[in-house]
There are 4 protein chains.
Amino acid sequence: MRTKTGNKEQRILEAAVAIFARDGYHHSRISDIAELAGISVGSVYLYFDNKESILNRLFSDLWARLVGQLKAQYRRQDLTAVEKLDIMIDLIFNGFIHHADLAVVFVNEQNFLLNHGRPDFIKHYEAYLQMGTQIVREGIKHGVFRKDVDLVVLRHFTFGGIRHLIHLWAHEPKRFPLLQMRSGIKELVKNSIRVAR
Amino acid sequence: MRTKTGNKEQRILEAAVAIFARDGYHHSRISDIAELAGISVGSVYLYFDNKESILNRLFSDLWARLVGQLKAQYRRQDLTAVEKLDIMIDLIFNGFIHHADLAVVFVNEQNFLLNHGRPDFIKHYEAYLQMGTQIVREGIKHGVFRKDVDLVVLRHFTFGGIRHLIHLWAHEPKRFPLLQMRSGIKELVKNSIRVAR
Amino acid sequence: MRTKTGNKEQRILEAAVAIFARDGYHHSRISDIAELAGISVGSVYLYFDNKESILNRLFSDLWARLVGQLKAQYRRQDLTAVEKLDIMIDLIFNGFIHHADLAVVFVNEQNFLLNHGRPDFIKHYEAYLQMGTQIVREGIKHGVFRKDVDLVVLRHFTFGGIRHLIHLWAHEPKRFPLLQMRSGIKELVKNSIRVAR
Amino acid sequence: MRTKTGNKEQRILEAAVAIFARDGYHHSRISDIAELAGISVGSVYLYFDNKESILNRLFSDLWARLVGQLKAQYRRQDLTAVEKLDIMIDLIFNGFIHHADLAVVFVNEQNFLLNHGRPDFIKHYEAYLQMGTQIVREGIKHGVFRKDVDLVVLRHFTFGGIRHLIHLWAHEPKRFPLLQMRSGIKELVKNSIRVAR
DNA sequence: AATGAATGAGAATTCATTCAT
DNA sequence: TATGAATGAATTCTCATTCAT
């Protein structure tokens with residue numbers, strides 16, 4: 001029996017990221033993905049039900065990974081809320097810094113999926129944001145963050161802001177250096193909620 | 001006499017907003033737009049070169065209007081930088097509050113156009129952000145805002161954050177009330193850059 | 001405005017009969033039908049929803065025509081039941097004698113449609129058989145046909161028998177001359193139900 | 001030792017009947033057949049050249065069996081032509097009464113094969129019909145059947161009629177009870193050719 | 001200007017068959 | 001023999017755009 005190569009699925013996902021980033025999800029062709037992955041068109045369908053499920057899987061993996069990484073830090077007692085917030089932001093940036101293509105897909109297509117029924121990455125995505133909110137709550141309790149922060153607005157505003165900066169970097173890395181933007185963001189976020197003085 | 005023409009063109013744009021919002025740009029059909037506008041498919045092409053140019057025009061109009069509105073306030077000497085920043089944010093929200101469909105299209109499709117060559121709405125879009133940056137600079141000069149704010153990060157971060165909140169509102173207005181989010185944002189933005197104390 | 005040619009639908013149907021007869025419904029390509037009809041592939045879909053609906057329409061037209069023709073004779077008082085039965089059979093044969101292709105499609109594909117939900121030709125088809133049954137009933141009442149004939153079996157048996165002979169003729173007209181088979185059938189049918197003596 | 005082989009081949013054939021009956025030959029998948037047979041897709045091709053040859057084999061087996069059964073009765077001197085005709089019809093019905101699936105395949109797909117070159121079941125099929133004709137000839141010689149019967153028409157008409165009734169039964173056994181139809185058919189057939197009085 | 005019929009390129013998906021193991 | 005992963009040809013249907021009227 002011809003045995004499954006074992007990494008074909010991964011190759012498809014990697015190829016898909018590249019093609020989706022280059023052409024946009026809607027203009028991407030399965031045949032291009034297959035070609036880049038070095039397999040036949042039909043084989044794509046051995047691993048994925050259809051084009052959308054590839055995109056879904058990409059986001060699922062991305063957010064599952066982020067959640068996994070954050071969880072490890074989340075409960076640590078030796079870190080302040082401010083430090084945890086920094087870590088959260090770092091995680092996102094680290095996740096993309098070596099994968100500009102993934103960043104492009106992330107900023108361009110997440111909305112599309114979100115508007116399309118209940119994709120399965122949603123639970124991880126919300127878990128991540130939820131942990132962020134929790135960290136801020138903790139900071140408020142310790143008197144580091146202001147009491148009157150609107151947590152819902154904060155979390156989505158921050159998420160949107162970060163996403164947009166990643167977008168800019170992914171398209172023009174020279175003009176928008178990721179590291180510089182990362183520290184700029186940290187400052188903004190912390191200032192926006194820190195107790196005055 | 002442009003009445004007839006202007007009328008139809010406008011009707012096409014309005015229909016397009018509704019259809020794009022409902023189906024997403026890529027899945028929208030020209031025939032649906034024509035039908036909603038009450039004209040024939042062929043007529044659409046008398047007013048627009050192709051599907052993309054309708055979308056382009058939508059954004060062009062949107063940003064031109066915002067720029068026009070902001071310009072009027074921008075130079076006023078009787079307003080502080082903080083007040084001007086509030087106005088800027090208000091303008092964006094006011095532009096959408098009665099046009100949820102436009103908001104949906106705005107958040108979902110602006111990236112697509114941005115990644116597609118140099119759409120002509122870009123100059124207005126950048127002018128708007130530029131004025132925002134200028135307002136912040138003014139605030140810094142007057143000692144209201146912190147000197148060390150990264151202006152590039154600030155403007156894009158803020159833009160991204162606002163956009164995302166508008167997105168949430170457009171899809172779930174009950175859960176994300178626009179007015180509440182607007183004041184939450186104002187607080188965050190101002191706190192994030194205000195001089196401590 | 002480009003006006004509808006008015007007979008394009010008909011040309012598609014005629015082309016479809018030829019292609020379906022040659023290749024069988026399942027192996028027929030829309031592109032072949034379009035080509036034979038002298039139009040583009042896309043145009044086929046202006047007139048028909050999909051491939052199956054073309055086939056459906058073919059049968060619908062066929063049976064509607066047969067029913068129409070039979071109705072005219074059905075009520076005549078000057079004809080005996082025997083004569084009416086002859087007419088019924090003649091109608092079917094006449095319907096095919098100049099359209100061997102239609103005959104082929106008829107015998108090969110009617111079952112497929114019948115097994116596929118409720119195609120709309122069914123009502124005509126059943127009306128036709130129903131009239132046949134009624135004619136036989138009439139003959140029984142007048143003492144021409146035997147009382148103990150199983151009408152259900154008779155009508156379906158006869159239909160199946162005729163269909164099969166048409167099949168043979170359509171494929172090998174030389175070996176199975178239609179006219180000869182027609183009279184053979186008439187004899188069989190009448191003998192099978194005629195009152196002995 | 002053919003146990004293993006013979007076994008699997010048979011299982012494939014049985015599975016194929018079920019799947020062909022359910023989905024129609026053209027829409028049946030080899031993978032479904034393999035699954036139902038409890039073997040792998042590849043194994044199907046160890047026993048059959050391709051999909052069509054499975055169908056072929058089904059018909060070949062069916063008709064070979066019928067011929068074999070008929071032959072045993074065919075030469076008996078103690079039976080009249082009428083009795084032999086009854087037997088012929090019984091054989092067909094008995095062949096299906098416990099195999100509705102086979103009946104469905106038989107009525108739906110035999111034409112397809114017949115139109116497709118020279119399938120190898122043809123010789124059995126024709127032998128069967130030939131014997132039927134011979135029986136009728138015998139009856140004519142003995143003065144039981146009418147001299148003027150068109151034997152060709154008779155045999156094909158009868159075959160077509162029987163097939164159609166089997167079709168009806170296979171799809172709606174409640175509405176078209178096989179036994180009742182069988183006796184109805186016998187009556188019709190015999191009456192259609194019996195010498196008057 | 002207006003119409004809407006006509007076009008035809010385009011792409012996702014299926015599945016019989018092959019073949020490496 | 002047996003497996004089932006891999007192949008890739010094949011075909012329906014869609015829809016932006018064109019164009020005859």
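The values are calculated or read from the model by the stated rules, or taken from the named source; none is laboratory data. Fair warning: this is a prediction, and the values are worked out from it, not measured in the lab. Positions of Cβ are backbone-derived with ideal geometry, glycine not excepted, and every protein chain shown enters the neighbour counts. Accessible surface areas use protein heavy atoms only, side chains included; no ligands, DNA or RNA. Shrake-Rupley method; radii C 1.70, N 1.55, O 1.52, S 1.80 Å.
On inspection, residue D:159 does not qualify as crowded, with 16+ Cβ neighbours inside 10 Å and part of a loop (DSSP other than H, G, I, E, B). Of B:58, B:91, B:102, B:13, all but one fail to be open to solvent by less than 10 Å² (accessible area, probe 1.4 Å) and in contact with a Leu (Cβ under 8 Å, 6 or more places away or on another chain); the exception is B:13. Considering each residue of region C:69-88 in turn, at least one proves to be in contact with a His (Cβ under 9 Å, 6 or more places away or on another chain) and either modelled with pLDDT of 95 or more or away from DNA strand E (no atom under 16 Å from the Cβ) (or both). Please go through region B:132-154 and pick out each residue that is more than 7 Å from chain A (Cβ to nearest Cβ), open to solvent by less than 50 Å² (accessible area, probe 1.4 Å) and in a helix (DSSP H, G or I). Across region B:132-154, the qualifying residues are B:132, B:133, B:135, B:136, B:138, B:139, B:140, B:151.
Within region A:184-197, the set of residues being within 8 Å of chain B (Cβ to nearest Cβ) and over 14 Å from residue A:154 (Cβ atoms) comprises A:184, A:187, A:196, A:197. Taking the criterion of being assigned to a helix (DSSP H, G or I), within 9 Å of DNA strand F (Cβ to nearest atom) and surrounded by fewer than 20 Cβ atoms within 10 Å (Cβ to Cβ), the residues of region D:36-48 that qualify are D:41, D:42, D:43, D:45, D:46, D:47.
Please go through region B:155-182 and give me each residue that is of a type in the set (A, V, I, L, M) and more than 8 Å from every other protein chain (Cβ to nearest Cβ), ordered by number. Selection gives B:166, B:170, B:178, B:179. Sub-7 Å Cβ pairs linking a first residue in region A:25-39 that is more than 7 Å from DNA strand E (Cβ to nearest atom) to a second residue that is open to solvent by 60 Å² or more (accessible area, probe 1.4 Å), at least 6 apart or interchain, are A:34/A:40; A:34/A:41; A:37/A:11; A:38/A:11, ordered by first then second residue.
Is it the case that region D:105-115 has a residue that's more than 26 Å from residue D:27 (Cβ to Cβ), part of a helix (DSSP H, G or I) and touching a helix residue (DSSP H, G or I) at 6+ places or on another chain (Cβ under 8 Å)?
Among the residues of region D:105-115, not one is more than 26 Å from residue D:27 (Cβ to Cβ), part of a helix (DSSP H, G or I) and touching a helix residue (DSSP H, G or I) at 6+ places or on another chain (Cβ under 8 Å), which makes the answer no.
Scanning region D:183-197 for residues that are charged (D, E, K, R) and not in a helix (DSSP H, G or I), we see that the one that is surrounded by the fewest Cβ atoms within 10 Å (Cβ to Cβ) is D:197.
Within the bounds of region C:61-80, is there any residue that is in contact (Cβ under 8 Å) with a residue 60 or more places away in the chain and within 14 Å of another protein chain (Cβ to nearest Cβ)? Within region C:61-80, not a single residue is in contact (Cβ under 8 Å) with a residue 60 or more places away in the chain and within 14 Å of another protein chain (Cβ to nearest Cβ).
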